[in-house]
1. Evaluate the following for Arg40: is it closer than 19 Å to Asn77 by Cβ, surrounded by fewer than 17 Cβ atoms within 10 Å (Cβ to Cβ) and among the charged types (D, E, K, R)?
2. Out of (1) out of contact with any Phe, Trp or Tyr (no Cβ under 7 Å at 6 or more places or on another chain); (2) surrounded by 11 or more Cβ atoms within 10 Å (Cβ to Cβ); (3) among the β-branched types (Val, Ile, Thr); (4) modelled with pLDDT of 90 or more, the odd one out for Val165 is which?
3. Look through the range 29-48, keep the residues that are touching a residue at least 12 places away in the same chain (Cβ under 8 Å) and outside any helix (DSSP H, G or I), and return whichever of them is nearest to the chain's Cα centre (by Cα).
4. For the range 16-50, how many residues are among the charged types (D, E, K, R) and either touching a strand residue (DSSP E or B) at 6+ places or on another chain (Cβ under 9 Å) or within 22 Å of Gly68 (Cβ to Cβ) (or both)?
5. Residues of the range 1-28 being assigned to a loop (DSSP other than H, G, I, E, B) and of a type in the set (Gly, Ala, Ser), which ones?
6. With the structure loaded, tell me whether Ile186 is in a strand (DSSP E or B), touching a Gly at 6+ places or on another chain (Cβ under 6 Å), modelled with pLDDT of 90 or more and not charged (D, E, K, R) or whether it fails that test.
7. Could you please let me know if Ile62 is of a type in the set (A, V, I, L, M, F, W, C) and part of a loop (DSSP other than H, G, I, E, B)?
8. Within the range 1-28, restricting attention to residues that are among the acidic types (Asp, Glu) and over 12 Å from Leu63 (Cα atoms), which residue is nearest to the chain's Cα centre (by Cα)?
Amino acid sequence: MDELDFPSFFNEKIKGRGLSLRKLAELSGITERHLEALSRGDYANMPAAPYLRGYLTTLGRILDFDAGFWWDHFKTNNLMPSSGRTDQLPKNRFAPRRAGPAIAIGCAALAVLLYFLFRFPQIFGQPLLRIEAPAAATSRVAESSITVRGRIESGDEVAVNGESVPVASDGTWQKEFFLQPGLNTIEVVGKKFLGRETRMVRQVIYEPPVPAPLQAATSTPAPAPTP
């Protein structure tokens, strides 16, 4: 290979592979005009040195020759003007460009959107409300007050008959409710800051105990003893 100049060597390689310059251009992606210049040794019509190095690397893979050897040959004989210390192709020639700020912002926006889609039921959905006492929808009691208690999940606020009730960190809540004689309606509302509400109703019938004197007055008198 040392006894041959590059055009002769190059043409022999093409001939040995049974290729034409047009076919080699299709295989390598190098323009046929530049391949013709290489085959004639017309380096004045070749692109800058870094591109020639890339051409040699590509042709070496296709035609099976040592591209590094011929690149040293070109540099040693000053066949091509140098364009830098390493005569390498610009990095953005073959490597993908770094993502710009717009792409980074787009990725961040997509991540936020996916988070909200995943968390949509928790953020905008309906809270889960439970009333643990009184458990029944309708109940009767003899006491003048009861403790209404329960738990809320995926919610931020609880109100009993329109009055806000503190919610513990575990979602539990309770409130003492004073009853009027007869039917008492207790409405519990669970709220979500950005979502909907859940309403539950309990009806409690308060039956005050009958005072003892009244019980004696209304009781049936015992029959009088027979003389």
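The values are calculated or read from the model by the stated rules, or taken from the named source; none is laboratory data. Just so you know, these numbers come straight off a predicted model, no measurement behind them. Neighbour counts are summed over all protein chains in view; Cβ atoms, including those assigned to glycine, are modelled from backbone coordinates with ideal geometry.
1. Considered against the rule, which asks whether it is closer than 19 Å to Asn77 by Cβ, surrounded by fewer than 17 Cβ atoms within 10 Å (Cβ to Cβ) and among the charged types (D, E, K, R), Arg40 comes out as yes.
2. Failing condition for Val165: (1).
3. Within the range 29-48, the match that is nearest to the chain's Cα centre (by Cα) is Gly29.
4. 1
5. The answer is Gly18, Ser20.
6. In short, no.
7. In short, no.
8. Glu26
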